[in-house]
Each structure stands twice: as C-alpha cells, then as structure tokens.
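The values are calculated or read from the model by the stated rules, or taken from the named source; none is laboratory data. These numbers come from a predicted model, not from an experiment. Every residue, glycine as well, gets a Cβ built from its backbone with ideal geometry; the counts of neighbours run over all protein chains shown. For accessibility, only protein heavy atoms count, side chains too; no ligands or nucleic acids. Shrake-Rupley method; radii C 1.70, N 1.55, O 1.52, S 1.80 Å.
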Amino acid sequence: MSDSVVKTDEKKQHFDDIYVADSPVPFKEQILDALDYVSDDFNRQTFDRLILPWAQQQTADGTPLNFVDLCACFGNTTMATLYGMDFQAIRHNWRDRESALQIDAERRFPAHVSAIDISGNALAYGKAAGLYDETVEADLNAPSPEVRQAAEGAMAEADIVISTAALVYLEPEAIARLLDAFASKRGEGYMLVNFLNPFALEMADATKRMLLERLEFVGSMASRHRRMSALEQENYPGEAWSLLEIWVLRRKG
Ligand SMILES: C[S@@+](CC[C@H](N)C(=O)[O-])C[C@H]1O[C@@H](n2cnc3c(N)ncnc32)[C@H](O)[C@@H]1O
C-alpha cells in the first residue's frame, strides 16, 4: 500500500504497515500496548448507552441485524461493540497469533457482520477468526465500479454502522457516497463514528457537516483515544494524549 492510496494527516503517525500485517499481533503490540490505545473502552461505552438496548430489543426474536464495520481493520471495535470486550480483553485475546484466531467472547445480539477495508490481510484475519461474516476489500477513495457497488450495497443494507478512527482516511466524496447509501434505507438505523483530536480538524468539521445533513444526531461523548507518538508530540508540543469525540447518529424518518 503506498502513501498515495492511504491518506493520513502528515502530522499524524502513519501505521499503514501494521494494518496490512497478516495478524493483529503487531497492531496489539505497537498500537494497543505501546500507545495505550484505550479508545475501544469508550466506543463500547457509547454503543452500550445509545445503540445496544435498541439492538437487543430488535433481535429478541432471533432475527439478525446487518452490522457494518467501515474501515474495520482487524476488528477491534467490532470486538468492543458487538462482543462487549474491553481494551484489556482485546489485548489478551490478541496476545499471540494463535490465540487471536479464536474470539474469547460471544456476540451480544444476532448480527450479520460485513467489514470493509483496504487491507485484504486484516479482512482475511477477521473472517478466519469469525468476527466477519462478509468482507469487502476496497480502496474507498478510488474503488472500481464493482467494489463501489459492494461497499455502498453493504451500507444501504446496514442497520448499524461503526466507523472508528476511520473517516479521517477517506476523501469527502467517498464519505458522501457511503453516507448517502446508508441514509437511503428505510427504517431505524444507527451509526457510531468518532473524530480524533488534534489531527485534521477542518476535515473532521467537514465530515460532521456531511453527517448532520443526512442523519439525526443522537448523542456523543469525549474521551481519551491513545497516547501521542514521539513524532506527534513534536508536531503538537505539550499534548500527551490524542482525544476522541464519539458520536451516534440515527437514520432520519
Ligand atoms: C486506525 S484503523 C481503524 C481501526 C478501528 N476501526 C479502530 O478504531 O481502531 C484505519 C483503517 O482504515 C483503513 N483504510 C485506510 N485508508 C483506506 C481506504 N482508502 N479505503 C479503505 N480503508 C482504508 C486502514 O487499512 C485501517 O484498517
């Protein structure tokens, strides 16, 4: 994967090599462990407050919801939200290649999980471990017509979309198309997204406006995300932590 494919704010650390590894262990060691990547505790907290009660009620008769993890990587946020795992449980599950292949928790409600990402290796891991039922390998900034159809089709069928530490990588046009697809479905549906601080704030503002044009705001929280790397601390003197704004939105109507 070249830098021309994966967009990253130049003041933010690049982790692209880790996302394309064939196991989540480097992600665990170099991001979760090394940077105290605690964000999934707060993604889970927000999901549990604003989406989980609805999801459990909707699936009480056993009918699964369509759950999409957009820019899913190895599935840490699916583990947090759908499986209810905290940061320490995810770290423990990913302690080595072998243990990572078996997820140490159960889904908290019936769901059909589609994962979308540019990293074929991350998606292959998620499928092998049973986290993902379906995968779409896509460069969302430059998809072929077939890939675009698959990604937008998954979004259009989704009841729940999570997209964490993710929208910052996508071009506004790609975000608009994916949101239009999600908003096009009838019926109640929820999206959990988050915004990193202090990186690319103008882009985050533009993304927030796009979300609010298409979806209803439900609720939010602020939290720690992870520690800043040495490079980031040089770029943002005096900041030790990257912070998160976590938002939940609902389909209109
Ligand atoms: C920081 S990880 C997010 C993982 C997880 N959602 C979380 O919150 O920790 C960002 C993911 O975006 C993916 N990504 C980056 N650029 C992309 C693109 N153009 N199309 C699709 N996925 C992309 C990367 O492969 C990576 O898996």
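Before moving on, here are some points about what is shown:
- By accessible area, using a 1.4 Å probe on protein heavy atoms only, the range 45-84 has 46% of its surface on carbon and sulfur.
- Ignoring lysines fewer than eight residues from residue 11 along the same chain, the ones with Cα atoms less than 22 angstrom from its Cα are 208.
- 180, 117, reordered so the largest accessible area comes first (probe 1.4 Å): 180, 117
- Relative contact order (percent, whole number), the chain, Cα cutoff 8 Å, 6+ residue spacing: 22
- Based on the Stokes-Einstein relation at 10 °C and a viscosity of 1.306 mPa s, and on the Kirkwood radius from alpha carbon pairs, the range 97-156 is assigned a translational diffusion coefficient of 127 µm²/s.
- Projected label points at residue 104 and residue 128, each 7 Å from Cα along the beta carbon direction, are separated by 2.0 nanometres.
- Reach of residue 127 by Cα under 22 Å, taken over lysines that are not fewer than 8 positions away in the same chain: 28
- Over the chain, the alpha carbon radius of gyration divided by the compact-protein estimate 2.2 N^0.38 Å works out to 0.94.
- Straight-distance crosslink candidates among aspartates and glutamates, where the alpha carbon sits under 13 Å from residue 252 and sequence neighbours closer than 8 are dropped: 159, 180, 188, 213, 216
- The portion of the accessible surface of the range 95-171 made up by carbon and sulfur, rounded to a whole percent, is 45 (1.4 Å probe; DNA, RNA and ligands excluded).
- Over the chain, DSSP H runs of length four or greater, each weighted -39,500 (n - 2.57), average out per residue to a 222 nm ellipticity of -10500 deg cm²/dmol.
- Residue-normalised accessible area of the range 26-251, given per residue in Å² at a 1.4 Å probe: 41
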